[in-house]
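Notes follow once the structure below has been shown.
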Amino acid sequence: MNTKFNLMQLLANPFIIAAFCLSPAYADDKQKEKYERESFSAITNETYKQECGACHFNYQPGLLASASWEKLINTLPFHFDEDVSIDEKSVNEIEKYLIENSAENSTSKRARKILHSLKGQVPLRISETPYIKEKHHELNLSVFDRPSIGSRSNCIACHTTAEQGDYDDDNVKIPK
């Protein structure tokens, strides 16, 4: 019995050929699946949750590009006409978290769509990004004036799973 490894016999086996051909495809599918999630990752930074969440909804970092987050952090003393005073250590930690998880670094397909829509723009408001505007274009502007909503920035008023990073249309309920 010849126990010598015979490469030609091995390569002639259709199952071995299929395994060699399909394993990279399988790995690519798993990688693709990872980067094609619609929803955003959960917010994990406690400082961000506490400091920013004290005044408003904790927006997922993937909703804006890093340039927008940097601009927001650098204008905290005038944050939408409010003086936001946060100690420097917390500001640095929050900025690092936002940049590391911004649209450029998110695994969400929606973040890539937001980033693609910007075309060099650096909006300060998520509601000013072209992608978000387009997603809401069918809504009458008066909807945002309802007391139960208040403004375009109140995502959780309609997106019932926004806190989990899920903005899927199936989970939208527009309050009266």
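Worth a mention:
- Distances between placed amide hydrogens fall under 5 Å for H79 paired with V84, all partners being 5 or more residues away or on another chain.
- Of the peptides 138-147, 165-174, 101-110, the order by per-residue mean of other Cβ atoms within 10 Å, starting with the highest, comes out as 101-110, 165-174, 138-147.
- Put simply, the Cα atoms of the range 91-165 extend 35, 26, 21 Å along their principal axes, the longest span coming first.
- Solution diffusion estimate, µm²/s, Stokes-Einstein, the range 46-171, Kirkwood Rh from C-alpha pairs, 37 °C, viscosity 0.692 mPa s: 215
- ³J(HN,Hα) computed for each position of the range 163-168 - Karplus, 6.51 cos²θ - 1.76 cosθ + 1.60, integer Hz, glycine/proline x: 4, 8, x, 9, 10, 4
- Listed values for the range 148-154 are Karplus-derived 3J(HN,Hα) couplings in whole Hz (6.51 cos²θ - 1.76 cosθ + 1.60, θ = phi - 60°), namely 6, 10, x, 6, 5, 7, 8, and x replaces Gly and Pro.
Each value in this text was obtained by applying a stated rule to the coordinates, not by laboratory testing. The structure displayed is predicted, hence computed values, not measured ones. Every residue, glycine as well, gets a Cβ built from its backbone with ideal geometry; the counts of neighbours run over all protein chains shown.
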